[in-house]
Amino acid sequence: MAVADAEGLAAVSMRRVAAELGVATMSLYRHVADKDDLLVRMMDAVFARWTFPADPPDGWRERLTLAGRMLWEVFRHHPWLAPALSVTRPQAVAGALPFTEWVITALEGRGLDLQTVFTTYLTLFNYVRGTAVNVEMEAEAEALSGVDNEEWMDAQEPALLALAAGRFPALERLIATGYDFDLDGLFEFGLQRLLDGIGLLLDAAR
């Protein structure tokens, strides 16, 4: 996990892990079947470190807000995790099940059938995961270029203004005014709008 956190998942190999531990590569196979097994164990260890409070908030929105923010923090601390998790072919990660249970429990008994409840859970999970994929991409881009996203955007501004000039006035005004891009702010805005939509869904189900 330390290697993946610092250098990305591509840096994790059985040989690299063995070198970090000071053991022979083949000795690892007495503990894990292969790299895929190692990855699932890494995921499980990450989620096992994050626990929900014993006394949940009263409202469904407060519970889902807590779940979304907690998952975002998990992905923030471990940038490799979001791209590694699959929605269409989910890995059997025991440590992630409390998150699923928390969201389902928050929505049950509010007029939605279980299929819709689970679809809502998947939508929330995939929103957080999809936004968090940018964390690793940005970290890799900054490591390669030595330029953070704000500096990169500033450098692109003249070219963007030239493309927009006279053709896309609204975009031209936005570029000229400037946009303070913040990934955490983008996540929080989207989370609240998603919860607004779930609220409308629950209202319609009553």
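Just wondering, is there one or more residues in the stretch 69-82 that are open to solvent by less than 20 Å² (accessible area, probe 1.4 Å), more than 15 Å from Ala2 (Cα to Cα) and of a type in the set (Phe, Trp, Tyr)? Within the stretch 69-82, one or more residues are open to solvent by less than 20 Å² (accessible area, probe 1.4 Å), more than 15 Å from Ala2 (Cα to Cα) and of a type in the set (Phe, Trp, Tyr). Please determine whether any residue of the stretch 54-67 is out of contact with any Cys (no Cβ under 9 Å at 6 or more places or on another chain), free of Cβ contacts under 8 Å to residues at least 40 places away in the same chain and farther than 25 Å from Gly197 by Cβ. The answer is yes; a qualifying residue exists.
Quick check on the stretch 79-126: of everything there that is within 28 Å of Leu39 (Cβ to Cβ), outside any helix (DSSP H, G or I) and small (Gly, Ala, Ser), which residue is nearest to the chain's Cα centre (by Cα)? Once the filter is applied, the top-ranked residue is Ser86.
Might you let me know whether the stretch 107-122 holds any residue that is of a type in the set (Val, Ile, Thr), in contact (Cβ under 8 Å) with a residue 40 or more places away in the chain and surrounded by 12 or more Cβ atoms within 10 Å (Cβ to Cβ)? Yes: the stretch 107-122 contains one or more residues that are of a type in the set (Val, Ile, Thr), in contact (Cβ under 8 Å) with a residue 40 or more places away in the chain and surrounded by 12 or more Cβ atoms within 10 Å (Cβ to Cβ). In the set (1) modelled with pLDDT of 90 or more; (2) in contact with a helix residue (DSSP H, G or I) (Cβ under 7 Å, 6 or more places away or on another chain); (3) among the charged types (D, E, K, R); (4) surrounded by fewer than 14 Cβ atoms within 10 Å (Cβ to Cβ), the condition left unmet by Arg193 is number (2). Every residue in the stretch 151-190 that is out of contact with any Phe, Trp or Tyr (no Cβ under 9 Å at 6 or more places or on another chain), open to solvent by 80 Å² or more (accessible area, probe 1.4 Å) and under 30 Å from Ala82 (Cα atoms), please. Correct list: Glu151, Trp152, Asp154, Tyr179, Asp180, Phe181, Phe189. Looking at Thr100, Thr25, Thr65, just one residue is of a type in the set (Val, Ile, Thr) and either open to solvent by 70 Å² or more (accessible area, probe 1.4 Å) or at pLDDT below 95 (or both), and that residue is Thr25. Where helices (runs of 4 or more DSSP H) sit wholly within the stretch 146-206, those with at least 1 residues that are under 21 Å from Ala132 (Cβ atoms) occupy 149-164, 183-205. Does Arg15 satisfy the condition of being touching a residue at least 24 places away in the same chain (Cβ under 8 Å) and open to solvent by 80 Å² or more (accessible area, probe 1.4 Å)? Considered against the rule, which asks whether it is touching a residue at least 24 places away in the same chain (Cβ under 8 Å) and open to solvent by 80 Å² or more (accessible area, probe 1.4 Å), Arg15 comes out as no. Within the stretch 134-141, does at least one residue satisfy the condition of being open to solvent by less than 80 Å² (accessible area, probe 1.4 Å) and without any contact (Cβ under 8 Å) to a residue 40 or more places away in the chain? Yes.
The values are calculated or read from the model by the stated rules, or taken from the named source; none is laboratory data. Source: prediction; values computed, not measured. Ideal geometry is used to build each Cβ from the backbone, glycine not excepted, and the neighbour counts take in all protein chains shown. When the accessible area is computed, the model is the full protein with side chains, heavy atoms only, and any ligands, DNA or RNA have been set aside. Shrake-Rupley method; radii C 1.70, N 1.55, O 1.52, S 1.80 Å.
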